[in-house]
Amino acid sequence: PGLFAAIAGVLALQDINILSAECFRWRDGSAVHIFRVEGLPDFLVPDELWERVRLSLQAALTGRLSLDWRLSEKRASFLTRRSLDLMPSVAVDNGASDFYTVLEVEAADRVGLLYDLARTLREQGLSIHLAKAATYGHQVADVFYVRDEGGQKLVDPERAEAVRRALLDCLRPASDTPQP
């Protein structure tokens, strides 16, 4: 649980811009995560960078690296690119799939946004069975196919609204002051 979020967070932490991401989960629990990233600057040595990514991911998954804290610090940096202010939207759709609730998110891009969304879904007790994330300039359009703890769609309107609100809260501009 949380692997998709951890990968997205580590890539953001290492200044690797995610252009698109897909997550597929099979019935046996196996998952495939595909991240398409922006070309790396020429001055970076790819082998060294990917080794840092591997080590950071290992540290994040074992609790030795707090992605929340590190990404908060990174966002507070004056060097961090600020996105245009676009009104975020979250749609909850139970009719698009027979087996999953489909969550459609549109928002301004920012450092670690995909991590924030995936972490929020996990905190809401949802598992991502399919994700398609795309970045168009400074805007993201992400779609998540999710189920609750019992493997069901979000059929309770109050529960679905709580998830929608949690995602909207997550989309608000992050504070410029990191919290320990």
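The table that follows gives values for the structure above.
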| read-out | value |
| --- | --- |
| Every residue from the stretch 133-151 that is open to solvent by 70 Å² or more (accessible area, probe 1.4 Å) and at pLDDT 95 or above | none |
| Residue count for the stretch 138-156, restricted to those that are in contact with a Phe, Trp or Tyr (Cβ under 8 Å, 6 or more places away or on another chain) and either more than 18 Å from VAL105 (Cα to Cα) or not β-branched (Val, Ile, Thr) (or both) | 3 |
| Filter result for ARG165 (of a type in the set (Lys, Arg), buried (at least 20 other Cβ atoms within 10 Å of the Cβ) and at pLDDT 90 or above) | no |
| Failed item, numbered, when ARG119 is tested on (1) open to solvent by less than 20 Å² (accessible area, probe 1.4 Å); (2) within 23 Å of SER30 (Cα to Cα) | (1) |
| Tally, over the stretch 3-33, of residues that are within 24 Å of PHE99 (Cβ to Cβ) and without any contact (Cβ under 8 Å) to a residue 40 or more places away in the chain | 8 |
| Pairs, first farther than 11 Å from CYS170 by Cα in the stretch 102-116, second surrounded by fewer than 20 Cβ atoms within 10 Å (Cβ to Cβ) and of a type in the set (S, T, N, Q), C-beta under 6 Å, six or more apart | GLU106/SER89; ALA108/SER83; ASP109/SER83; ASP109/THR135; ARG110/SER83; VAL111/THR80 |
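The values are calculated or read from the model by the stated rules, or taken from the named source; none is laboratory data. Since the model is a prediction, treat every value here as computed from it, not as a measurement. Glycine also receives a Cβ, built like all others from the backbone with ideal geometry; neighbour counts cover every protein chain displayed. Ligands, DNA and RNA are excluded from the accessible area calculation, which covers all protein heavy atoms including side chains. Shrake-Rupley method; radii C 1.70, N 1.55, O 1.52, S 1.80 Å.
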